[in-house]
Amino acid sequence: MATSGNKNINAKLVLLGDVGAGKSSLVLRFVKGQFVEFQESTIGAAFFSQILAVNDATVKFEIWDTAGQERYHSLAPMYYRGAAAAIIVYDITNQVDHMAVFSWMTLLLSDSIVGSLMKKLSKRALQVPAYLRSSG
């Protein structure tokens, strides 16, 4: 969660996506200004931080680069819990990776969307989108 005080802001940021999507390359470019063409796969998650001056504030980004392998997907909620933002990264050349974006979105949304005033269900103005209903 982003917190501020005296114009110092801490913001937890998490990168999600399938293996080989480019999450580590993206974060290394942001944090170190480096590009590594053949980056080894992240195991579990990697943590980085970056401090930037933004307008009249100092922002410390606490960045979690998560592993994209299927066996680590169940750990994702642990990393994005309390995050100010989540970025879903995908390989634009890979159709399967592109479709996985919806799985990542569903995972994020399942922990992020809250419908309230259930006692007024008969007056509901918006229906739950089909892709959310199908994911449980």
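Can you tell me the length gained on complete extension of the stretch GLN50 to THR106, counting 0.36 nm per residue apart and subtracting the Cα distance? Please list the in-between numbers first.
Working: separation 56, 0.36 × 56 = 20.16 nm, distance 2.82 nm.
Extra length from GLN50 to THR106 when fully extended: 17.3 nm.
Using the per-residue mean of other Cβ atoms lying within 10 Å as a proxy for protection, in what order, highest first, do the peptides 86-96, 15-25, 33-43 fall? Don't skip to the answer; put the middle values down first.
Values: 86-96: 14.4, 15-25: 21.7, 33-43: 9.8.
The most tightly packed comes first, giving 15-25, 86-96, 33-43.
Show the residues, 5+ positions off or on another chain, whose built amide H is closer than 5 Å to the amide H of ILE63.
Sorted by chain and number, the residues that satisfy this are LEU13, PHE48, SER49, GLN50.
Could you check the spin-label model distance between VAL19 and LYS60? Points 7 Å from the Cα along Cα→Cβ, value in nm.
3.4
Read-outs throughout are calculated quantities, based only on the coordinates presented, and are distinct from any laboratory measurement. On a predicted model such as this, the values are computed, not experimentally measured, just so you know. Neighbour counts run over all protein chains shown; Cβ positions are idealised from the backbone, glycine included.
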